[in-house]
Structures are given as C-alpha cells and as structure tokens.
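**Q** If you scroll down you'll find the structure; I have some questions about it.
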Number of protein chains: 2
Amino acid sequence: MTQHRGKTGPDANVTADDVATAAGVSRWTVNRAFKKDASISPRTRDKVMEAAQTLGYVPDLRAASLASDRSNLVALLVDDFANPHKLVMMERLTRILRKHGWDTLLVNTLDRDDTGHALLNASQRRVDAVILIGIQFDDETLAAAQHARRFRKLIIFARTSQNPDTISIAVDDVAAMTEIADYVRARGYRRPFFLAGPRTVSAHLSRKETFLSRWKAHFGTEPESAEVPAYDPIQAEAVVTAVLGNRPRSEMPDVLVCENDALAIGAVDVIRHKLGLRIPEDIAVTGFDDVPQCRSPNYRLTTYRQPLTEMADYLVEVLESSEERDFDRAFTGCLVPRESA
Amino acid sequence: MTQHRGKTGPDANVTADDVATAAGVSRWTVNRAFKKDASISPRTRDKVMEAAQTLGYVPDLRAASLASDRSNLVALLVDDFANPHKLVMMERLTRILRKHGWDTLLVNTLDRDDTGHALLNASQRRVDAVILIGIQFDDETLAAAQHARRFRKLIIFARTSQNPDTISIAVDDVAAMTEIADYVRARGYRRPFFLAGPRTVSAHLSRKETFLSRWKAHFGTEPESAEVPAYDPIQAEAVVTAVLGNRPRSEMPDVLVCENDALAIGAVDVIRHKLGLRIPEDIAVTGFDDVPQCRSPNYRLTTYRQPLTEMADYLVEVLESSEERDFDRAFTGCLVPRESA
DNA sequence: AAATCTGTTGCACGCGCGTGCAAATGGCGT
DNA sequence: ACGCCATTTGCACGCGCGTGCAACAGATTT
C-alpha cells in the first residue's frame with residue numbers, strides 16, 4: 001500500500017500541514033483550532049475547520065501524546081469477567097471517561113500471575129493511569145510497578161486497598177457491611193453465615209471482617225464463614241453445596257450474607273434448587289453491588305448499591321488533578337432491600 | 001514535574017538511547033533486542049535486556065506506532081452493555097487479541113447517534129481496525145467512515161452484515177436458526193412465537209426471517225413475532241408482558257423462540273413469575289449465545305453456542321493479513337439443548 | 001497621530017522509534 | 001594467512017504534533 005504524501009483525497013494520510021496549506025495558515029494554527037481553550041479567533045478556527053472537514057483531517061493522538069507526554073488514555077485492568085457487576089462497571093466507567101475526553105484501554109488480566117505483564121502492556125502505551133477493577137492485587141507487583149514510576153496514577157476502583165502507593169476509590173465497606181449486619185439483625189436473623197470471595201493481600205478491614213466483628217460485638221459469637229476462590233456464581237454454587245449440602249436442617253444458617261451478588265446468585269440457585277429450601281423463609285440471602293439480575297423474580301436480592309456514577313466522576317477528577325495529595329476516598333452507597341432478606 | 005532527561009533512575013523517562021549507552025551498543029540494536037524476529041545475536045540481546053532491566057526501560061509503543069504506521073491496537077465498539085453476552089465476548093476477544101500482541105481500546109457507544117463520534121475517537125488513536133460488537137450499525141455512518149479510509153479494517157463481530165465495506169465474522173445465522181427451528185418442530189411444538197431484537201438496517205436474512213420462513217415452508221403459516229427495542233432482559237420482560245400478558249390460555253404459544261439469551265432470560269422470568277406458567281410444559285423457550293446464566297437452574301435454557309474462540313482466532317488472522325480479499329466468514333456453532341425446550 | 005495593550009499567529013526544536021540499506025564483524029575452508 | 005559468505009550492527013531521515021516564546025495586527029488610550 002503506497003502512501004502518497006501531500007496528495008489530497010481519502011488515500012492520503014492527511015496531516016495538519018495539509019490542512020494548513022489548504023486554509024492558508026500555519027500548521028500550528030490548525031492544531032490550535034482543534035484545541036479546546038486555545039487562543040484563536042473564531043474566524044480562523046472556522047476557516048481551518050472547514051478545510052479540515054473537506055480534507056478529512058483527524059488529529060493524530062499518538063503524535064500529540066508523544067509530544068506532550070500526556071496520553072489521555074487509561075488502562076482498565078480486569079480479571080474476573082465471571083462477575084456480572086464488571087459489565088456494569090465497565091459501562092459506567094467508559095461512559096464517563098469518554099465524556100471527559102479519556103479513552104480506555106481494556107486489558108484482560110489473563111491469569112493470576114499475569115498482572116505484571118498486563119501492567120507492562122499498559123505502560124508500553126504510556127497510559128496516564130491504570131485502573132484496577134478486579135481482584136488481582138499482588139502487593140509486590142503493584143509496588144514494583146509503582147516503584148518504576150511507570151504510571152502517574154494507579155487506581156483501585158470499587159475496592160478498598162491500604163496500599164500506600166495506590167489510589168483507592170471505593171465504597172465505605174465498613175459502613176456498608178455494618179448497615180447490612182444491622183439490617184440482618186433487625187430482621188431477626190440469628191444464625192448468619194458469611195460467604196466470602198477470594199482473599200487478597202490488601203484486604204484488611206474487608207466486608208467479611210466487618211460483618212463478623214460487628215456480629216460478635218452484638219452477640220458474642222463469631223458467625224461461620226466460607227471462602228469462594230473467585231467471584232463467580234458457578235464457583236459459589238460449588239462452595240455452598242460443599243458447605244451446606246448435607247447439613248441437617250437444625251444446623252442450617254438462617255441467613256447467608258454474601259460478599260457480593262456474584263456469590264449470592266450462585267448461592268440462591270443452590271439453596272433453592274439443590275437444597276430445596278425457600279428464600280427467605282428457610283434461609284435469607286443478601287448480596288452486594290445490585291447487579292441487574294438482582295431485580296429478577298428469581299433473586300429479588302437484598303443488596304447494597306455503590307454510587308458508581310459519583311465514583312466515576314470522582315475518578316475523572318483524580319485523573320485530571322496534578323496535585324500530589326492522598327486521593328483515597330470512600331463513598332457511601334445505599335442498602336436495597338428486596339424479598340430475599 | 002521536571003523531567004531530568006539522561007539521568008538514570010526511576011524518575012527519568014528512560015529511552016532506548018539510555019539503554020544503548022548503558023549496554024555499549026547503538027540505539028537501533030536496543031530496539032532490535034525488543035523485536036521478535038530481529039536479526040540480533042543472543043549475546044547482544046542479553047546484554048541489552050539486562051541494561052534495559054536495570055534502567056527500567058519499556059519501549060514506547062506510541063512512537064513505534066507513529067514511525068511504523070501500525071499500532072497493533074484495535075477499537076472495540078460496544079453499545080448494549082445490558083446483554084450479558086457482551087461480557088463473554090469481551091473476555092474472549094481481549095484474551096485472544098492480547099495473546100497475539102494486540103491491544104484493545106474499549107469504546108462505549110453512548111447512544112444511538114454516537115457511533116460516528118465513537119469511530120472518530122478510534123481514528124484519533126490510529127487504531128488498525130475497528131471491531132463492532134453491538135447493534136449500532138448505521139450503514140450511512142459506517143459507509144462514511146469507511147469512505148474516509150480512516151481504518152484499514154472495519155469488522156463486525158458476531159453479527160452478520162451485508163455491508164460490502166465491512167468484514168463480518170459471525171455464526172451462520174441461517175444454519176443456526178434452521179437447526180433451532182427443526183429442533184423445535186421435532187420436539188412437537190406447533191405454535192411458536194418469535195421474540196426479536198432491535199431491527200437494524202443491515203439485518204437481512206436475520207434469525208427472525210430464517211425462523212419464520214423455515215416454519216412457513218413446513219406448515220404454511222407464519223408464526224407470530226414481536227420486537228424488543230434492545231437486547232435487554234428488562235425490556236424483553238416488558239414486551240412479553242405486553243404481548244402475552246392477558247391472552248387466554250388457548251391462544252398462548254407453546255414455544256417462545258428468542259433471538260438471543262438476553263431476551264430469553266427476560267421472557268422466562270415473565271412467563272414463570274408474571275404469567276404463572278410452567279417452562280417447558282406450558283411454554284417452552286429457546287435462546288441464543290449460551291451465556292453463563294443459561295446453566296442456572298432458573299433457566300436451563302436451550303440455546304445455541306457460537307464458537308467464540310475460533311471466531312476470535314480468525315479475527316486475529318484477519319487483522320494480521322495484508323491481503324485485500326473478502327474476509328467475511330460464517331461459522332457454525334452448536335445447539336445446546338437444556339430443559340427449557 | 002503616536003503609544004500602549006490585548007489577542008492572535010508563526011516557528012525552532014524535540015518527543016522515541018522504524019525503515020532500508022551500508023558497513024562491519026566473525027566463522028570457515030583452503 | 002587470505003578471502004568468502006552469513007550474520008550482525010550502525011545510521012540518516014521521517015512519523016505528526018506540543019511547548020514556549022517572539023512577532024504581529026488590531027483595538028484602545030492619551
């Protein structure tokens with residue numbers, strides 16, 4: 001494919017220079033016309049834009065980024081695609097980022113040990129920030145990446161982290177889980193069981209710890225719990241089956257508090273269809289995230305909704321700030337009571 | 001933030017030149033060391049890599065792309081995040097693309113009229129190809145974009161399209177829907193109802209047309225059908241409720257054939273919980289895509305699975321080909337019978 | 001009418017790397 | 001030790017745009 005530089009027409013890779021010639025201005029004026037708050041007279045801008053239009057000129061963000069050392073690109077690292085909430089988060093994030101002029105590089109963290117490569121991938125594109133939505137925190141990996149200063153910002157979204165090199169934008173898990181615990185208690189449940197997700201290094205003060213300690217503080221006993229190796233309904237089914245499968249009715253919990261909806265959904269399926277128990281009469285269930293499926297008559301899940309839009313707006317604010325302060329922030333969401341508890 | 005060029009240490013933006021100096025070779029040798037099939041001696045490569053390692057050098061893909069006119073970047077345009085199958089597709093695509101060295105720009109097509117802007121967005125990053133997974137085909141928009149030659153390739157994934165400027169990688173809808181129709185017929189259903197998704201311009205020979213005509217060819221009558229404005233369970237619920245809500249039992253269809261699982265899932269919920277009918281005894285349901293939820297005991301959906309991995313592999317092949325032939329290809333998937341039909 | 005100011009335009013240099021070819025290097029046989 | 005060949009290395013130029021400042025024009029003042 002031969003490139004005919006300088007030629008007009010759709011074949012040519014038309015640059016700002018071409019537009020400049022066509023509009024009778026300098027190349028810099030052309031680029032100015034495309035910049036938001038550039039000092040340029042309306043007349044010139046119109047003239048330039050018209051020429052650009054007819055030539056089919058589109059500014060090259062690679063070159064812009066190279067020259068300005070700012071890419072307006074973020075990498076979104078995702079690893080647990082089995083969790084339906086990821087779809088919601090991706091929609092919200094890409095929507096709001098795009099509205100503010102940020103593009104998103106979607107990086108699939110293929111497996112547990114791939115985070116390092118994924119980060120490397122992102123850094124090769126010189127993204128301005130990396131956003132982690134998933135469970136792949138290996139503090140060492142993050143620390144190494146951060147130490148190499150390959151990103152200006154490393155943001156953990158919708159998940160708390162105590163990692164000091166990291167910006168965490170999340171819901172206040174302690175407040176949220178406390179609210180759930182109190183709700184469960186107020187509804188009269190007395191034998192809770194906590195279904196947790198995979199344990200990551202950074203997760204102190206997690207939802208599980210909060211629930212257990214809150215419950216213990218009230219009743220003196222620490223509830224049972226189990227851990228699912230991934231936020232995946234299928235895997236939750238397996239764990240719940242294993243744990244509650246052949247337990248006599250007398251020893252069954254009366255409420256299953258799940259770390260999030262992905263787990264709760266799997267749990268509901270097992271409880272109802274494998275154990276043959278009623279929800280909430282025999283066992284109640286709570287989730288977290290308020291994924292779309294929670295609304296389904298099959299689940300009607302009592303859950304907790306994170307203020308995703310607000311969080312994403314704040315994320316943009318963080319991205320666009322050049323300060324060096326501590327950006328960590330915890331939002332409060334709201335409990336969404338439904339029939340499952 | 002001052003940049004101290006030339007300085008070593010994590011603060012500096014270390015370039016190939018720095019590594020070259022450190023390793024005692026030329027800059028070009030450094031870049032060669034990072035290129036896959038470059039002619040370079042193992043010893044030199046090791047030396048370079050070691051220096052790169054200690055300096056923390058990461059090649060800059062922006063500059064590489066700028067110089068080579070090849071970005072190894074594709075834009076993934078998505079507009080219907082309500083469809084859970086999108087999550088599956090995104091996982092598979094990003095996984096396989098990344099394995100082959102391609103990065104993915106995720107672009108949320110915000111609303112119906114935004115496709116043009118989304119394409120513009122992609123073209124500013126000089127992506128090598130645009131992949132559409134969604135319903136946003138406005139033939140005019142696509143034609144305009146294609147005419148401007150802003151992308152080397154415009155690929156419509158998992159959806160057939162007759163658009164000549166476009167590469168369609170999809171399942172063979174005619175074969176698939178024929179198989180479903182025959183299955184439904186063989187199981188003895190006689191009063192089918194087709195639940196279709198939004199009508200797009202490019203969708204001739206769609207699943208709906210195939211099913212209807214196949215049925216008519218056998219029984220002489222064209223089944224009923226209805227259209228849901230989006231692939232969204234919630235909207236499917238509304239349409240099914242409206243259409244079947246207060247219909248006497250005698251006039252109820254005995255099978256609801258849905259264009260995909262997103263619709264089928266909404267339909268199942270309504271049929272079972274609003275209409276109080278049994279599945280499949282009163283009404284059977286079929287879907288398309290085999291999303292993870294289909295496995296749930298709440299759905300046990302008879303559906304059709306696309307060979308996504310195979311399709312994605314072919315996609316990579318298309319991306320890496322420099323030929324100019326017709327790349328359109330239809331794959332055959334497999335019917336997944338479950339209890340819903 | 002000259003001087004001043006404000007807003008607008010032009011430009012040298014650099015961002016980091018790829019291409020394609022020329023030069024250099026090393027290994028081998030005689 | 002010489003020459004041949006295969007492999008390895010070096011380099012001039014360009015990719016398209018941003019930065020920061022200097023030059024300029026038109027509007028305003030004295």
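**Q** Among the residues that make up region A:41-55, is at least one of them modelled with pLDDT under 90, crowded, with 19+ Cβ neighbours inside 10 Å and more than 16 Å from DNA strand C (Cβ to nearest atom)?
**A** Yes; the residues of region A:41-55 include at least one that is modelled with pLDDT under 90, crowded, with 19+ Cβ neighbours inside 10 Å and more than 16 Å from DNA strand C (Cβ to nearest atom).
**Q** Scan the strands (runs of 3 or more DSSP E) fully inside region B:271-341 and keep the ones with 3 or more residues being of a type in the set (A, V, I, L, M, F, W, C). Steps first, answer last, please.
**A** Details: elements: B:284-286, B:303-305, B:329-331, B:334-336.
Qualifying strands (runs of 3 or more DSSP E): B:334-336.
**Q** Moving on to the next point. Please determine, by comparing only the residues of region B:22-35 that are within 12 Å of DNA strand C (Cβ to nearest atom) and more than 14 Å from chain A (Cβ to nearest Cβ), which one is farthest from B:S65 (Cα to Cα).
**A** The extreme case among them is B:V25.
**Q** Oh, and also: Looking only at strands (runs of 3 or more DSSP E) that lie completely in region A:110-211, which have at least 1 residues being over 20 Å from the mean Cα position of the chain (by Cα)?
**A** Counting at least 1 such residues, we get A:192-196.
**Q** Let me ask something additional. Filter region A:138-153 for residues that are more than 14 Å from chain B (Cβ to nearest Cβ) and open to solvent by less than 10 Å² (accessible area, probe 1.4 Å) and give the result.
**A** A:L142
**Q** Scan region A:58-82 residue by residue and report those that are farther than 30 Å from A:R32 by Cα and either open to solvent by 40 Å² or more (accessible area, probe 1.4 Å) or more than 9 Å from chain B (Cβ to nearest Cβ) (or both).
**A** Of everything in region A:58-82, those that are farther than 30 Å from A:R32 by Cα and either open to solvent by 40 Å² or more (accessible area, probe 1.4 Å) or more than 9 Å from chain B (Cβ to nearest Cβ) (or both) turn out to be A:L77, A:D79, A:D80, A:A82.
**Q** Could you tell me whether B:S321 is modelled with pLDDT under 95 and either open to solvent by 30 Å² or more (accessible area, probe 1.4 Å) or assigned by TED's automatic domain parsing to the domain that holds B:P192 (or both)?
**A** no
**Q** Which residues, taken from region A:88-102, are at the interface with another protein chain (Cβ under 7 Å from one of its Cβ atoms) and open to solvent by 10 Å² or more (accessible area, probe 1.4 Å)?
**A** Once the filter is applied, which keeps residues that are at the interface with another protein chain (Cβ under 7 Å from one of its Cβ atoms) and open to solvent by 10 Å² or more (accessible area, probe 1.4 Å), region A:88-102 yields A:E91, A:R95, A:R98.
**Q** Let me confirm something: among B:S68, B:S39, which residue is free of Cβ contacts under 8 Å to residues at least 24 places away in the same chain and closer than 23 Å to A:N72 by Cβ?
**A** Sole residue among the options that is free of Cβ contacts under 8 Å to residues at least 24 places away in the same chain and closer than 23 Å to A:N72 by Cβ: B:S68.
**Q** Moving on. Do you know which residues across region A:246-300 are among the acidic types (D, E) and either open to solvent by 50 Å² or more (accessible area, probe 1.4 Å) or outside the structural domain of A:E179 (by TED's automatic domain parsing) (or both)?
**A** To start, the set of residues in region A:246-300 that are among the acidic types (D, E) comprises A:251, A:254, A:259, A:261, A:269, A:281-282, A:289-290.
Scanning region A:246-300 gives A:E251, A:E281.
**Q** In region B:154-167, what residues are under 22 Å from B:L87 (Cβ atoms) and either open to solvent by less than 10 Å² (accessible area, probe 1.4 Å) or of a type in the set (D, E, K, R) (or both)?
**A** Once the filter is applied, which keeps residues that are under 22 Å from B:L87 (Cβ atoms) and either open to solvent by less than 10 Å² (accessible area, probe 1.4 Å) or of a type in the set (D, E, K, R) (or both), region B:154-167 yields B:I155, B:I156, B:F157, B:R159.
**Q** B:T166 - would you say it is among the β-branched types (V, I, T) and at pLDDT 90 or above?
**A** The answer is no for B:T166.
**Q** If you scan region A:272-322, which residues turn out to be closer than 24 Å to B:A82 by Cβ and among the charged types (D, E, K, R)?
**A** Of everything in region A:272-322, those that are closer than 24 Å to B:A82 by Cβ and among the charged types (D, E, K, R) turn out to be A:D289, A:D290, A:R295, A:R300, A:R305, A:E310, A:D313.
**Q** Does region A:113-123 contain at least one residue that is farther than 20 Å from B:R92 by Cα and either aromatic (F, W, Y) or facing chain B (nearest Cβ under 9 Å) (or both)?
**A** Taking every residue of region A:113-123 in turn, at least one turns out to be farther than 20 Å from B:R92 by Cα and either aromatic (F, W, Y) or facing chain B (nearest Cβ under 9 Å) (or both).
**Q** May I pose another question? Being under 22 Å from B:R112 (Cα atoms) and touching a helix residue (DSSP H, G or I) at 6+ places or on another chain (Cβ under 6 Å), is that true of even one residue in region B:189-200?
**A** yes
**Q** Hey, any hits in region B:182-202 for a residue that's open to solvent by 40 Å² or more (accessible area, probe 1.4 Å), at pLDDT 95 or above and either closer than 30 Å to A:N72 by Cα or of a type in the set (A, V, I, L, M) (or both)?
**A** Within region B:182-202, one or more residues are open to solvent by 40 Å² or more (accessible area, probe 1.4 Å), at pLDDT 95 or above and either closer than 30 Å to A:N72 by Cα or of a type in the set (A, V, I, L, M) (or both).
The values are calculated or read from the model by the stated rules, or taken from the named source; none is laboratory data. Worth saying up front: this structure is predicted, and the values here are computed from it rather than measured. Heads up, the Cβs are rebuilt from the backbone with ideal geometry, glycines too, and the neighbour counts pull from every protein chain shown. Side chains included, ligands, DNA and RNA excluded: accessible areas come from the protein's heavy atoms. Shrake-Rupley method; radii C 1.70, N 1.55, O 1.52, S 1.80 Å.
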